[in-house]
1. Dipole magnitude of chain A about its Cα centre, charges +1 at Lys/Arg Cβ and -1 at Asp/Glu Cβ only, in debye to the nearest 20?
2. Relative to the other copies, what are the label-point distances for residue C:10, with labels 7 Å from Cα along the C-beta vector, expressed in nm at one decimal and sorted shortest first?
3. What is the local net charge at residue D:20, summed over the other residues whose Cβ is closer than 15 Å to its Cβ (Lys, Arg +1; Asp, Glu -1)?
4. Principal axes first, then extents: for the Cα atoms of region A:81-135, list largest minus smallest coordinate on each axis, whole Å, largest first.
5. Given F:88, F:61, F:115, which one lies farthest toward the positive end of the charge dipole of chain F, if we put +1 on the Cβ of every Lys and Arg and -1 on the Cβ of every Asp and Glu?
6. On average, how many beta carbons from a partner chain sit within 10 Å of the beta carbon of a residue in C:42-52?
7. Compare F:16, F:110, F:26 in a GNM of chain F, Cα atoms joined below 10 Å, and give the one with the largest fluctuation.
8. Treating the beta-carbon of each Lys and Arg as +1 and of each Asp and Glu as -1, no other charges, what is the dipole magnitude of region F:85-135 about its Cα centre, to the nearest 20 debye?
6 protein chains.
Amino acid sequence: MKVKVSRKAHFNAAHRLYRKDWDDKRNNQIFGKCSNPNFHGHNYELIVSVNGEIDEETGFVIDVKVLKDLIKSEIEDAFDHKNLNLEVPEFMELNPTAENIAVVTWKKLRPHIDLKHELEVVLYETPRNFVTFSG
Amino acid sequence: MKVKVSRKAHFNAAHRLYRKDWDDKRNNQIFGKCSNPNFHGHNYELIVSVNGEIDEETGFVIDVKVLKDLIKSEIEDAFDHKNLNLEVPEFMELNPTAENIAVVTWKKLRPHIDLKHELEVVLYETPRNFVTFSG
Amino acid sequence: MKVKVSRKAHFNAAHRLYRKDWDDKRNNQIFGKCSNPNFHGHNYELIVSVNGEIDEETGFVIDVKVLKDLIKSEIEDAFDHKNLNLEVPEFMELNPTAENIAVVTWKKLRPHIDLKHELEVVLYETPRNFVTFSG
Amino acid sequence: MKVKVSRKAHFNAAHRLYRKDWDDKRNNQIFGKCSNPNFHGHNYELIVSVNGEIDEETGFVIDVKVLKDLIKSEIEDAFDHKNLNLEVPEFMELNPTAENIAVVTWKKLRPHIDLKHELEVVLYETPRNFVTFSG
Amino acid sequence: MKVKVSRKAHFNAAHRLYRKDWDDKRNNQIFGKCSNPNFHGHNYELIVSVNGEIDEETGFVIDVKVLKDLIKSEIEDAFDHKNLNLEVPEFMELNPTAENIAVVTWKKLRPHIDLKHELEVVLYETPRNFVTFSG
Amino acid sequence: MKVKVSRKAHFNAAHRLYRKDWDDKRNNQIFGKCSNPNFHGHNYELIVSVNGEIDEETGFVIDVKVLKDLIKSEIEDAFDHKNLNLEVPEFMELNPTAENIAVVTWKKLRPHIDLKHELEVVLYETPRNFVTFSG
């Protein structure tokens, strides 16, 4: 009786696609306007899903309030209204593409989720672009 | 040539998270405001998906009108504008968490779907909380 | 330079359409399944809009954080996870139709909004049914 | 480090569900109003997903601009503002059900996506009916 | 105590932008791919709003079930799964632009709505293009 | 026969709420985390509406393709993937609140819209915060 429980959250942030070890010309060539040195930004929509057996006593896989609070403390407090490149340690040396933000989000949440549960992260960079990471 | 065909439906209902064998204090401790004895309610959005081979003659896996009518007769007619705890037999002894509603929905639909097809149920309790069950 | 600033909020609640001074038969005749004595419920989506001159100093008509907190304290805390008929004083003698909920919401918010600003309330009872009240 | 990258696109088109080798009576019997000889139409929403390893250098699985342009040249330019039955070669002998449109979309895109990547197509025929094909 | 009550509905249809009294070249010059002689189509989303005083007895401006049934009988039954140019009398001599469809919808509904109420029609031709008509 | 024609568009950008003539402490006191000196960002959704008489010949108030292209050249090309404070001349001395962005958008579009038409701008800063300006 495995059920996947999903919670949608939100943060907005500035970023640029950028590698420190490339010069501006090469960054611009590969990342185009997404590499604007003055940054741009997004309303990121985040869906975090925990997959596992239903607890027979509570009828929950995970209390969604616990999941909501975890997303807030680990992700929203860390990323919301921030410049990902300048202020979030994980992206100081890692290009903040949607793919990498999803992986970092997954890695920050994984230690807080029971190991018997699977974890999946969907990250919308815009309403038309999104990525999914399941570990 | 397996394709998954999905149909979105809707019902609204009252419920409370509650175990009869727990006293009010314990229900409140575990389920918080979701255990309000006077009930609260939701607009549940339901996505039912049937996965199987395309019939070469019709080009359908399943006629979506058949699926729509099935969801209406088995789920919407049973749950819509109801108090899940008081009026829906499946939840008289089973806590109507989103997880359990998804499992009950799946079990009610499964006998009506060809056994060669897989069945998946996604249930949105709110726009930000949803669960997925595939049997 | 009048701008309308809008903030979307959310609460879910149980209710029934019901007049105490009508018998069950008449309530059922007029309100149908919406008058189920065991209640049903909705995820109400609420959009509160404040229309006024932009403050030249801040560039705000109203600080949206102030508006968000006001909606929380006056509406969400009062209505969320409640049974509107049984627990919300305004609806003990007033039928909680979408129309009346919008009017009550407007009246609860109006004293807290600067009189030089106009106030509008949009209330979604379901994704397909909604009402608008502007005083 | 496999991540699934998804891009949403849009086209609108006319179609009818119809088999040339059936007479009108049989087409109407099986496909109902969807077989209207004068056609009807939809705003199709399309989500194309590419699943693969993150390129360590760029942080991309696939550059979403490349994916966007590919969907435009292969799918939108071919299907948008068209009559699928009369003007799109793939559907001249194939019934344009949502299932078949998803399969054709997948087959048109597959040769342009690196073979080490998996490809998935989700096609919304209406906001309530959609299909998923993964090859 | 005037409240605007809104109901969302849906129909899908084929159409082309076209004037019979213009030749194909001129139709194509003005309406571009929207004038494809083989038609294209849309999922039209329709929001019908009725503005009036709340009835003190019921708490309704208009019973939304009445409004829903009226939209079905007057609009959905007339337009859904139809070719607007060929099968809907109102558009046989009138170009079915979104503007004109909204006006026709309004005119078809107006006689059925109490004259003391105002009527507004919003018609989405695509998720990004929509029109509003209030008489 | 006045109809309002609306077109939805999109841009994403970095910004901070900030007055040059205030010190950082005061900016932070009034604008909170929205004044982060390293910027944050949003996916702005923009709805531009033109209200006017239907042209009897075309059935258009305004050709929506013309409106789409105008929004692209005047707004998207100017704001998309930009840092509003540093790169968009209008906001170098004007705090880029949602209110001010809507007013600037309106002023940039107004000269290109026929004077007999009314113009309205709705700007979503997040899915929950938006503003409306009509001149």
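1. Charge dipole of chain A: 540 debye, to the nearest 20.
2. Relative to the other copies, residue C:10 has label-point distances of 0.9, 1.6, 2.1, 2.1, 2.4 nm.
3. -3
4. 35, 27, 19
5. The listed residue farthest towards the positive side: F:88.
6. Rounded to a whole number, the mean comes out at 3.
7. Of F:16, F:110, F:26, the most mobile in the Gaussian network model is F:26.
8. The dipole of region F:85-135 has a size of about 120 debye.
The values are calculated or read from the model by the stated rules, or taken from the named source; none is laboratory data. Note that this is a predicted model, so its numbers are computed, not measured. No Cβ is skipped: glycine too gets one built from the backbone with ideal geometry, and neighbour counts run over all protein chains shown. Surface areas here come from the heavy atoms of the whole protein model, side chains and all, with no ligands, DNA or RNA. Shrake-Rupley method; radii C 1.70, N 1.55, O 1.52, S 1.80 Å.
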